[in-house]
Amino acid sequence: MALDINLPDLLGDVFAKHGPAAAAVAKTYAPSDFSVHFFLQLAIILLACRVVGWAGRKFLGQPQVVGEMIAGVILGPSLLGLFFPEAQATIFPKEMKNVLYTGAQLGVGLYMFLVGTTLHLDHFATKARSAIGVSMAGIAAPFFIAFLITPLLLTVPGLFAEGISTTNATLFMGACIALTAFPMLARIINERGLAHTSLGTLALTAGAFDDACSWCVLALVLAAFGAGPGVAVLAIGGGVVYAAFIMLFGRRLLAPLGRIVEREGEMGTTVLGITIALFCLSAFIMDAVGIHAIFGGFILGAVMPRGLFAAELKKKVEPLAVILLLPMFFTYSGLNTRLDMINSAPLLLIALGVLTASVLAKLGACYLAARMAGEDNRTALGIGALMNSRGLMELIIINIGLQKGIIGPALFSMLVLMAVVTTMMATPLFELFYGRKARASGELGALPGAAVGDPA
C-alpha cells in the first residue's frame, strides 16, 4: 500500500502546532514537542556546520572548527533571525535552549576529554619554563590592558551595569581578554597536526591554565554581585583540590582499565561504559564547584591510560563527539549572539579599540614570554597566534556576564566581535608564522586531508 504523504503540508502542520505562537507559554510544551524540534534542529545544525565548514576550508583556509563557529552565529539572531525571524524562532524556540545546552555541554566536554588523552606530559616537563612564562604573560598583560581601558569604557552609558565598581568591571574585562579558546585551541591543534608536538602541548597547557584563572576571576566578580564569597572559595579551592587529586592518584587508580584493554585486545562495552561514567562524574564535579565541565573532562583525560586504551577510546567516541554533539555547542552560543547591537560609529570605534587592545595584550605578551623563555622567533610567533584565539569560551563567559547584569548588550556584542575575529586570525597567522615552514622542513607532517569529522 503506497503512503500518501504531502511533505509541505506535513511540515506546515508541525510548525503550526509547534511554532512560536504555540510556544509562547512554556507549559504548552509536551515531551513530544521537544522531540519534534530537537531532531529538526539537529538536522539543520549538522547540515549548516558541514556546508559552512567546507566553504571555510576551501575559500578561507580555515579549519572545520572555525566554520562550525560561524555556522552557529549564522543560525542565531545575527543572520537567520535578522532576515527570517519567524523561521528562526520556529526552528529554535526559546523553550528548547535548555535541551540544546545540555547536548552542547556533553559534546564539548567529551571532546576535551579526548583531547586530554592526547596530552603528552613529558613534553610539558621539557617545556615547563616556557609554559609557565607564556601562561603568566597571557594573564598579566590582559589584566593590565583592562586596567587601562575599563575606566574609559565606564564613561559610555550602557556598556556596564549601572553602579558597577571600577574594580569589578576591570576584573571582568581582564578575564575576557585573558581567555584562550581552550576547546577551539584543542581542535585547531588536532586539525593542524600539532597534538603530539611540544608546541601543541605547551599551548594547550598554557591555555588551560589561563582559562581556569579567568573562571576563578569571574567567580570573584559574581561573588561581589551578590552570589557571596562562598562561590569564589568553592570554585578556586574545589578546583585546585580536585585537580591535585587527579594528577597525583589518577594514573594509578585508572591503570587497571588500561590493562584490561591490553589483555583483551580491544575496549569492550563494560570498560567503555565505566570510562564514560567516570568522565560524567569528573565533569559534574568541576561544574558543581563553579569552574566548568570541560576542565573536568580534560583533567581526567590527561591521566587516562595511553596505548591501546587511548586509541580504542578515540575510535569509539570521537566520531560521535565531533560530528554529532560538538556542533550543538557552537549553535547554542550562536543563538545568544547579536552582532547587530554595534549600530553606531562611536560604538564601532570602541569595538575596534577593544579588539586591537586584546590582540596586543594576548598575542604580543605570549610571544615575548616565549622568546624570553628561550623559544626561537618562529615558535614564539606560532604560540602567540594560537593563544590569541578566544572562540566560544569567550562567548560562554560574556553570556554569563550579560545574564548576571554585569555588562550590557552593546559591550556583549563588542566582545562577541572580538571573539570571532581573534579566532579567525589564529589559523592563518599560525600557518604564516610557523606551520608552512615547519611542514616544508619536515618538522610537521602534511595537513590531514580527512581528519575525523571532516569530509575527505
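Would region 260-275 turn up any residue that is among the polar types (S, T, N, Q) and crowded, with 19+ Cβ neighbours inside 10 Å? Among the residues of region 260-275, at least one is among the polar types (S, T, N, Q) and crowded, with 19+ Cβ neighbours inside 10 Å, which makes the answer yes. Is it true that Leu395 is within 19 Å of Ala131 (Cβ to Cβ) and part of a helix (DSSP H, G or I)? Spelling it out, it is not the case that Leu395 is within 19 Å of Ala131 (Cβ to Cβ) and part of a helix (DSSP H, G or I). When the test is whether a residue is modelled with pLDDT of 80 or more, closer than 30 Å to Ala345 by Cα and crowded, with 19+ Cβ neighbours inside 10 Å, Thr379 does not pass it.
Before we move on, is Gly401 part of a loop (DSSP other than H, G, I, E, B) and either small (Gly, Ala, Ser) or free of Cβ contacts under 8 Å to residues at least 60 places away in the same chain (or both)? The answer is no for Gly401.
If you take the residues of region 286-317 that are of a type in the set (D, E, K, R) and touching a helix residue (DSSP H, G or I) at 6+ places or on another chain (Cβ under 7 Å), which of them is farthest from Leu42 (Cα to Cα)? Of everything passing the filter in region 286-317, Glu312 is farthest from Leu42 (Cα to Cα). Of all the residues that make up region 352-370, how many are buried (at least 24 other Cβ atoms within 10 Å of the Cβ) and among the β-branched types (Val, Ile, Thr)? The total comes to 0. The single condition among (1) under 22 Å from His196 (Cβ atoms); (2) surrounded by fewer than 13 Cβ atoms within 10 Å (Cβ to Cβ); (3) without any contact (Cβ under 8 Å) to a residue 12 or more places away in the chain that Ala311 does not satisfy is (2). Residue count for region 296-308, restricted to those that are assigned to a helix (DSSP H, G or I) and over 26 Å from Gly239 (Cβ atoms): 1.
Here Ala373 clears all of (1) aliphatic (A, V, I, L, M); (2) crowded, with 23+ Cβ neighbours inside 10 Å; (3) in contact with a Lys or Arg (Cβ under 8 Å, 6 or more places away or on another chain) except the condition numbered (2). Among the residues of region 318-348, those identified as within 24 Å of Ile44 (Cβ to Cβ), in a helix (DSSP H, G or I) and over 17 Å from the mean Cα position of the chain (by Cα) are Pro319, Leu320, Leu339, Asp340. Meeting the requirement of 3 or more residues that are modelled with pLDDT under 80 and more than 30 Å from Ile299 (Cβ to Cβ), the helices (runs of 4 or more DSSP H) wholly within region 9-120 are 31-55.
The values are calculated or read from the model by the stated rules, or taken from the named source; none is laboratory data. Source: prediction; values computed, not measured. In this analysis, Cβ positions are derived from the backbone assuming ideal geometry, glycine residues included, and neighbour counts consider all displayed protein chains.
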